[in-house]
Amino acid sequence: MTDRSLRLVLVSTPIGWVGSGAGGGVELTLSSLVQGLAQQGHQLTLIAPRGSSLPKGCSTLSIKLVEVAGADQPSWQHADEDAPVLIPPMGVLPAMLEEALRLSAEADAVLNFGYDWLPMWITPWVPAPMFHLISMGAVSMVMKRAIESVSRWNQGRLAFHTLRQASDFDLLQPARVVGNGFDLSQYIFREESGGPLGWAGRIAPEKGLEDAAAAAAALGDRLLVWGLREDDAYANAVEAAVPAGTIEWRGFLSTSDLQKELGDCRALLNTPKWNEAYGNVVVEAMACGVPVIAYDRGGPGELVRSGENGLLVSPDDVSELTAAVSRCETIQRRACRDWVERHASCAVFSQRVETWIREGLAADGNITAMH
Ligand code: UDP
């Protein structure tokens, strides 16, 4: 006897089309999950802003893409603590939700990836079982309350990437942690270890590039930097604070090009200033065999097993970070890749998500677990 396949409506982030980079790590999470769930035989409809495309390798699988027009939703990432909810005229978020609710009549569940107020608020009021994979910590009061309200009503509808992320919220029960997943066929393992230092992520203050640059400067080393230049003034200030030539801007690359360049590095530095929910780039580097030297904060602090796949140092301590670089050769590059294969493949991630949704539906009485 096998579990019957699930019919799922997935709702993408409303802050940009899939492939734009504006959605940060959520875009890759969504792509991995779509791929992993489809490979397990589930029937998927992905609702995403106009211009989105299905991830590579997915078109032949049973996934329907519904593109929705509308104005991008502002991101909560840089919102103030007391920021109000904003929805632009002709916003893509309500339009995507309308489509999701319409299609939900033919589906077992709706799985939302957007970190926003409206999908949280409607959850207890709509007949469709809505599940939310929360992609950030508590970045403002209104979002913290919206997520906690859903948890008080039915915590089974929420999942988080890491325990550290979930600890931002007051939850009555232990958090459901599903981690994240990556299509490991896209990341080539590299045995050699003599290359430069690397850093990857959106170029924005919460990512703490200045500390990695300071460590590279202290060592007289180069730092290769990949990522979307979200905040120009910040990027210029970071560059001006270190000797010329320390930072080598490599731009925002496709996964295939990024992994090629990442794989050359002898270590990736990861220096978040916020409670990073997960830290895709940490795992992507490890998948190429690159050890990660990270601040013991947020998701990276949970993903890096000091001594196994990288080294953890005290948050905001640039001298500890600098000293750790000289020890990165003590980490076996093969062990980094092995860790990712065990904990963060598309298959293990989508299995954890499937279990979460099946258990949530069974608890609601919406589905019989076995047929
Ligand atoms: N990324 C990319 N090309 C680049 C640099 C980064 O595609 O040149 C992607 C990377 O693969 C990752 C995302 O940008 O999926 C950053 O996600 P992360 O979880 O590290 O941070 P977020 O931006 O979500 O805070």
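The table that follows gives values for the structure above.
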read-out: Counted residues, the range 166-214 - those being assigned to a loop (DSSP other than H, G, I, E, B), of a type in the set (S, T, N, Q) and either out of contact with any helix residue (DSSP H, G or I) (no Cβ under 8 Å at 6 or more places or on another chain) or away from the ligand (no atom under 13 Å from the Cβ) (or both); value: 3
read-out: Filtered residue count, the range 286-310, keeping only those that are touching a strand residue (DSSP E or B) at 6+ places or on another chain (Cβ under 7 Å) and near the ligand (Cβ under 10 Å from one of its atoms); value: 1
read-out: Failed criterion for Glu248 (all others in (1) touching an Asp or Glu at 6+ places or on another chain (Cβ under 6 Å); (2) free of Cβ contacts under 8 Å to residues at least 60 places away in the same chain hold); value: (1)
read-out: Matching residues, the range 11-34, being surrounded by 24 or more Cβ atoms within 10 Å (Cβ to Cβ) and away from the ligand (no atom under 11 Å from the Cβ); value: Val11, Ser12, Pro14, Val18, Leu33, Val34
read-out: Residue that is nearest to the ligand (Cβ to nearest atom) [pool: residues in the range 252-278 that are buried (at least 24 other Cβ atoms within 10 Å of the Cβ) and under 15 Å from Tyr187 (Cβ atoms)]; value: Leu262
read-out: Single condition Asp108 does not satisfy, out of (1) of a type outside the set (Lys, Arg); (2) surrounded by 15 or more Cβ atoms within 10 Å (Cβ to Cβ); (3) in contact with a helix residue (DSSP H, G or I) (Cβ under 6 Å, 6 or more places away or on another chain); value: (3)
read-out: For Ile134: the one exception among (1) farther than 26 Å from Val281 by Cβ; (2) buried (at least 23 other Cβ atoms within 10 Å of the Cβ); value: (1)
read-out: Residue in the range 326-339 that is out of contact with any Ser or Thr (no Cβ under 6 Å at 6 or more places or on another chain), aromatic (Phe, Trp, Tyr), away from the ligand (no atom under 15 Å from the Cβ) and under 23 Å from Phe182 (Cβ atoms) present; value: yes
read-out: Qualifying residue in the range 105-120 (condition: away from the ligand (no atom under 16 Å from the Cβ) and of a type in the set (S, T, N, Q)); value: yes
read-out: Filtered residues of the range 18-34 (kept if of a type in the set (Val, Ile, Thr) and either farther than 19 Å from Val68 by Cβ or touching a strand residue (DSSP E or B) at 6+ places or on another chain (Cβ under 7 Å) (or both)); value: Val18, Thr29, Val34
read-out: Given (1) under 23 Å from Ala204 (Cβ atoms); (2) at pLDDT 95 or above, index of the condition Ala79 fails; value: (2)
read-out: Within the range 303-353, tally of residues that are among the polar types (S, T, N, Q) and surrounded by fewer than 16 Cβ atoms within 10 Å (Cβ to Cβ); value: 6
read-out: Test: residue in the range 225-232 that is at pLDDT 95 or above and more than 16 Å from the ligand (Cβ to nearest atom); value: yes
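The values are calculated or read from the model by the stated rules, or taken from the named source; none is laboratory data. In this text the structure is predicted, and so the values were computed from the model without any measurement. Don't worry about glycine lacking a Cβ; one is built from the backbone with ideal geometry, like all the others, and counts go over all protein chains shown.
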